[in-house]
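Below is one structure, written out as structure tokens; comments come after it.
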Amino acid sequence: MNGKVFGLSIVAVIVSFIGGFLLANALNRSELNLLRGENERLKTTQNEPNQNQTELTLTDEEIREKIAEADRNTDNFAFQKNLGLALYRYAAMKQDADLLAEIGRILSRAYEINKQDYDVLVALGNIYFDIGYFKKDNIQFQKARNFYSLALQQKPNDVDVRTDLGLTYFLTNPPENERAISEFQKSLQTNSKHEKTLQVITQALLSQNNAVEAEKYLLKLKEVNSENQYLAELESRLSQVKGNSQK
């Protein structure tokens, strides 16, 4: 990708505490929606007004205590799920790959108890995606792909999950651009105005030096959000690809 690498920032979320512990409710996919750009994945702080960053910190002891409690209650699906989802949000915000692995272990227990829970499937996909990204590990991307695919069997029109599935192909080394683009196109069949998908499919097509198709999606992206922060970069990249093709 011309020496460019993806940076990683995961969407920060509103985090509340009870006795030093994250609230496990109010969890939804939209709050965790990842906008992965060519140079970085956006980090959007959604903290409550006047909320101090120090309020978003858990001590290692608090985290260990909750994980130990989960290990003592392995048959309690609700506890495994709620703790795993809440800690995922925290670990994602902190970009803590080691904690993500621990959370994967907790949510894997929830999955073994109920393999049909949609939130658990998507969360496991997200965890393995993030670990794969941090560690540049294709095996983790494959694990993410497996869980996203299971989730899509239940909700094939979930555009966010479908696009993240495509990104597991786009970010693998070497990239599987054709498969990524295929998934992005499926997302756009469901929602032709999905901004993140328009952005990443443009990136994928440009990585193939396909200026004609990339320009079509870039124009659509501009229609959807003329203030998308990546427009200038994508336009510059498009001009570069066009220039190279004319040499």
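A few remarks follow.
- Taken over the range 99-116, the criterion of being more than 9 Å from Gly84 (Cβ to Cβ) and within 17 Å of the chain's Cα centre (by Cα) is satisfied by Leu99, Leu100, Ala101.
- Residues satisfying the stated conditions in the range 213-233, i.e. at pLDDT 95 or above, part of a helix (DSSP H, G or I) and more than 15 Å from Asn177 (Cβ to Cβ): Glu215, Lys216, Leu218, Leu219, Lys220, Leu221, Lys222, Glu223, Val224
- Residue in the range 101-120 that is under 18 Å from Glu183 (Cβ atoms) and in contact with a helix residue (DSSP H, G or I) (Cβ under 6 Å, 6 or more places away or on another chain) present: no
- Annotation note: of Ser192, Ser239, Ser207, the sole residue that is out of contact with any Leu (no Cβ under 9 Å at 6 or more places or on another chain), among the polar types (S, T, N, Q) and loosely packed, with under 14 Cβ neighbours inside 10 Å is Ser239.
- The residues of the range 118-147 that are charged (D, E, K, R) and either in contact with a Ser or Thr (Cβ under 6 Å, 6 or more places away or on another chain) or free of Cβ contacts under 8 Å to residues at least 40 places away in the same chain (or both), listed by number, are Lys135, Lys136, Asp137, Lys143, Arg145.
- For the residues Ala86, Ala123, Ala68, Ala110, the requirement of being closer than 30 Å to Gln203 by Cα, at pLDDT 80 or above and not acidic (Asp, Glu) singles out Ala123.
- Selection from the range 150-193 of residues that are within 21 Å of Val120 (Cα to Cα) and more than 18 Å from the chain's Cα centre (by Cα): Gln153, Gln154
- Residue in the range 194-205 that is without any contact (Cβ under 8 Å) to a residue 40 or more places away in the chain, in a helix (DSSP H, G or I), over 30 Å from Leu107 (Cβ atoms) and within 17 Å of the chain's Cα centre (by Cα) present: yes
- Any hit, the range 167-177, residues being closer than 19 Å to Phe141 by Cβ, exposed (fewer than 15 other Cβ atoms within 10 Å of the Cβ) and without any contact (Cβ under 8 Å) to a residue 40 or more places away in the chain: yes
- Any hit, the range 104-126, residues being part of a helix (DSSP H, G or I) and touching a Pro at 6+ places or on another chain (Cβ under 9 Å): no
- Beta carbons closer than 8 Å, at least 6 apart along the sequence or on distinct chains, pair a first residue in the range 68-94 that is assigned to a helix (DSSP H, G or I) with a second that is of a type in the set (Lys, Arg) and at pLDDT 95 or above for Ala70/Arg109; Gln80/Arg109.
- Restricting the range 128-146 to residues that are part of a helix (DSSP H, G or I), more than 13 Å from the chain's Cα centre (by Cα) and not polar (S, T, N, Q), the residue that is farthest from Tyr169 (Cα to Cα) is Lys135.
The values are calculated or read from the model by the stated rules, or taken from the named source; none is laboratory data. Everything numeric in this text was worked out from a predicted model, so none of it was measured. Here the Cβ is made from the backbone with ideal geometry for all residues, glycine too, and neighbour counts use every protein chain on show.
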